[in-house]
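J.: One structure is given below, represented as structure tokens, and several questions about it will come after.
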Amino acid sequence: MTLLDTADPSAAAAAVVDAVLADLDGTHRGVVVDSPPGAGKSTLVVRATGHLAAAGERLMIVAQTNEQVDDLVERIAGEHPDLPLGRLSAAGYLAPDRVRRPSVRVAQKADDLADRAVVIATAAKWATLSEGSWPWAIVDEAYQMRSDMLLRIAGRFERALFVGDPGQLDPFSTVEMERWAGLAWDPTRSAVSVLLAHNPELPVHRLPVSWRLPASAAPVVSRAFYPFTGFRSGTGPGDRRLEFGEPGTGSAHDRALDEAARSGWALYELPARHTPRTDAAAVAATAALAARLLARGATARSEAGARPVGADRIAVGAAHRDQVTAIRAALGPLGSQITVDTANRLQGREYDVTVVLHPLSGRRDATAFHLESGRLCVLASRHRHACLVVARAGIAELLDAHPSADPVRLGEPVKFPDGWEANQSVLAHLAEHRVAADA
């Protein structure tokens with residue numbers, strides 16, 4: 001029996017966490033933890049921090065953005081109020097209220113935090129240090145870190161725990177990558193992939209349960225983006241429900257919302273057509289679905305109780321910033337209340353309901369950017385209750401006309417699944433929940 005077959009998801013997740021903590025007490029120089037969306041990465045980081053600190057270890061924590069650093073400071077200070085924390089920042093940083101805790105000191109220099117048991121900062125800030133070392137490091141969202149950044153900070157610690165999601169977007173790079181393709185030390189690959197290429201003996205653990213994704217979504221996302229590791233939902237069918245205070249009018253928008261409430265998914269399909277990137281009809285439909293969801297007074301019922309789905313619990317996702325701008329404008333006053341952003345910026349965040357403009361909608365071609373599996377994975381895995389996808393018909397035919405043709409280079413690991421396969425898998429499921437736009 002595997003952990004995925006264990007009847008109790010809490011027991012399955014706890015068994016992996018216990019194994020991770022046991023490895024931290026061992027002799028390994030590094031430990032890797034792979035996590036699907038919403039599996040409790042931050043919870044594990046907080047628990048590992050307390051575990052190491054209780055053993056008398058000083059440690060540095062590395063995150064990729066200031067928002068992630070502040071989130072971790074808030075979580076760790078809340079769980080371990082007596083643990084002295086240091087928040088290493090750049091000049092001009094203004095600590096938000098959630099970071100201003102009695103146990104937290106904010107400073108621009110590591111020397112000013114020498115007495116802190118735990119120091120937290122972004123990878124970019126850690127890379128500016130010219131001296132100082134810690135016995136332990138915890139690297140959060142490690143798959144978002146490029147390997148060249150890991151090389152810049154590796155001299156600061158002796159042992160490390162790397163936690164991240166291998167199915168999400170690859171590290172961002174603004175330079176051409178072909179010159180390094182196939183090299184074991186390729187600086188544009190993720191820190192974890194290069195680390196394991198040079199240290200294959202390091203233990204790798206996989207969290208088996210997503211506490212975010214409902215039972216309707218976990219199998220879809222697992223099959224499409226995690227075909228060889230897999231995971232399950234922490235909830236069962238019927239444990240979460242989306243209910244509307246106002247009945248539908250029979251419009252296509254309301255039928256799509258009702259389908260999403262019933263099944264967890266809906267595909268709002270516009271007629272096939274090649275369009276500009278800011279397709280006016282697709283933008284209008286995406287905005288209208290989000291606005292109508294709010295107008296109908298949705299309530300999310302789950303294991304956490306019942307709560308209204310306000311604007312802060314709805315997200316709209318798109319592939320490009322100009323699409324985000326257009327959707328925000330189409331929402332009018334709601335554009336400043338509902339989260340509207342790109343997949344890159346939605347990564348790591350969680351909402352009750354999401355509305356997604358499909359990256360391949362209306363396109364004539366399928367570029368590597370639009371086919372990147374991590375982009376669709378992020379967009380399709382932010383929700384606790386339902387995800388609505390807006391797209392023009394013809395994406396399946398577009399994929400058939402543009403099969404994966406990326407060159408295979410010697411020494412370069414093949415990424416699974418590729419974007420073509422992941423898109424086909426998600427589309428096959430969405431086809432069962434299709435609602436045609438009104439003529």
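J.: Look through region 243-253, keep the residues that are crowded, with 18+ Cβ neighbours inside 10 Å and within 29 Å of the chain's Cα centre (by Cα), and return whichever of them is farthest from residue 425 (Cα to Cα). Give the steps one after another, and end with the answer.
T.: So in region 243-253, the residues crowded, with 18+ Cβ neighbours inside 10 Å come out as 244, 252-253.
Those left that are additionally within 29 Å of the chain's Cα centre (by Cα): 244, 253.
On the way: 244: 30, 253: 24 Å.
Only one residue tops the list, namely 244.
J.: When only residues in region 360-384 that are buried (at least 23 other Cβ atoms within 10 Å of the Cβ) and of a type in the set (S, T, N, Q) count, which is farthest from the chain's Cα centre (by Cα)?
T.: 361
J.: May I pose another question? Can you confirm whether residue 221 is within 14 Å of residue 387 (Cβ to Cβ) and touching a residue at least 24 places away in the same chain (Cβ under 8 Å)?
T.: Numbers: within 14 Å of residue 387 (Cβ to Cβ): yes; touching a residue at least 24 places away in the same chain (Cβ under 8 Å): yes.
Against the criterion (within 14 Å of residue 387 (Cβ to Cβ) and touching a residue at least 24 places away in the same chain (Cβ under 8 Å)), residue 221 qualifies.
J.: For region 242-262, enumerate the residues that are touching a strand residue (DSSP E or B) at 6+ places or on another chain (Cβ under 8 Å) and within 27 Å of residue 167 (Cβ to Cβ).
T.: Passing the criteria: 242, 256, 259, 260, 261.
J.: Out of curiosity, is residue 58 surrounded by 12 or more Cβ atoms within 10 Å (Cβ to Cβ), more than 25 Å from the chain's Cα centre (by Cα) and not small (Gly, Ala, Ser)?
T.: Spelling it out, residue 58 is indeed surrounded by 12 or more Cβ atoms within 10 Å (Cβ to Cβ), more than 25 Å from the chain's Cα centre (by Cα) and not small (Gly, Ala, Ser).
J.: Can I ask one more? Anything in region 224-265 that is under 27 Å from residue 8 (Cβ atoms) and either out of contact with any helix residue (DSSP H, G or I) (no Cβ under 6 Å at 6 or more places or on another chain) or free of Cβ contacts under 8 Å to residues at least 40 places away in the same chain (or both)? List them, or say none.
T.: Residues satisfying the conditions are 226, 227, 228, 229, 235, 236, 237, 238, 239, 240, 241, 264.
J.: If you don't mind, another one. Among the residues of region 272-287, write down those that are in contact with a strand residue (DSSP E or B) (Cβ under 9 Å, 6 or more places away or on another chain) and of a type outside the set (Asp, Glu). Walk me through how you get there before you give the answer.
T.: Taking region 272-287 and keeping what is in contact with a strand residue (DSSP E or B) (Cβ under 9 Å, 6 or more places away or on another chain), we get 272-275, 279, 281-283, 285-287.
Across region 272-287, the qualifying residues are 272, 273, 274, 275, 281, 282, 283, 285, 286, 287.
J.: Return the residues of region 336-353 that are within 14 Å of residue 283 (Cβ to Cβ) and free of Cβ contacts under 8 Å to residues at least 24 places away in the same chain; say none if nothing qualifies.
T.: Residues satisfying the conditions do not exist here.
J.: Residues of region 69-103 being among the hydrophobic types (A, V, I, L, M, F, W, C) and closer than 13 Å to residue 49 by Cα, which ones?
T.: Residues satisfying the conditions are 72, 73, 76, 77, 83, 85.
J.: Going by the conditions given, is residue 369 assigned by TED's automatic domain parsing to the domain that holds residue 290, modelled with pLDDT under 90, of a type in the set (Phe, Trp, Tyr) and assigned to a loop (DSSP other than H, G, I, E, B)?
T.: Answer is no for this residue.
J.: Follow-up. Can you pull out the residues in region 58-105 that are farther than 21 Å from residue 133 by Cα, of a type outside the set (A, V, I, L, M) and not in a loop (DSSP other than H, G, I, E, B)?
T.: 66, 67, 68, 70, 71, 74, 75, 78, 79, 97, 98
J.: Okay, moving on. Pick from 109, 125: which is surrounded by fewer than 16 Cβ atoms within 10 Å (Cβ to Cβ) and over 16 Å from residue 45 (Cα atoms)?
T.: Matching residue, one of 109, 125: 109.
J.: Using the structure shown, decide if residue 65 is under 20 Å from residue 154 (Cα atoms), over 24 Å from the mean Cα position of the chain (by Cα) and at pLDDT below 95.
T.: no
J.: Considering every residue within region 35-57, establish whether at least one is outside any helix (DSSP H, G or I), farther than 16 Å from residue 165 by Cβ and in contact (Cβ under 8 Å) with a residue 12 or more places away in the chain.
T.: Taking every residue of region 35-57 in turn, at least one turns out to be outside any helix (DSSP H, G or I), farther than 16 Å from residue 165 by Cβ and in contact (Cβ under 8 Å) with a residue 12 or more places away in the chain.
J.: Within region 36-86, track down each residue that is within 24 Å of residue 208 (Cα to Cα) and acidic (Asp, Glu).
T.: Answer for region 36-86, where residues must be within 24 Å of residue 208 (Cα to Cα) and acidic (Asp, Glu): 71, 79.
J.: Still on this structure, I have one more. Enumerate the pairs (first residue in region 8-25 and assigned by TED's automatic domain parsing to the domain that holds residue 43; second residue anywhere and hydroxyl-bearing (Ser, Thr, Tyr) and surrounded by fewer than 18 Cβ atoms within 10 Å (Cβ to Cβ)) with beta-carbon separation below 7 Å, excluding pairs fewer than 6 apart on the same chain, so at least 6 apart or on different chains.
T.: 12/6
The values are calculated or read from the model by the stated rules, or taken from the named source; none is laboratory data. All figures in this text were calculated on a predicted structure; none of them were measured in a lab. Note that each Cβ is placed from the backbone with ideal geometry, even for glycine, and that neighbours are counted across all protein chains shown.
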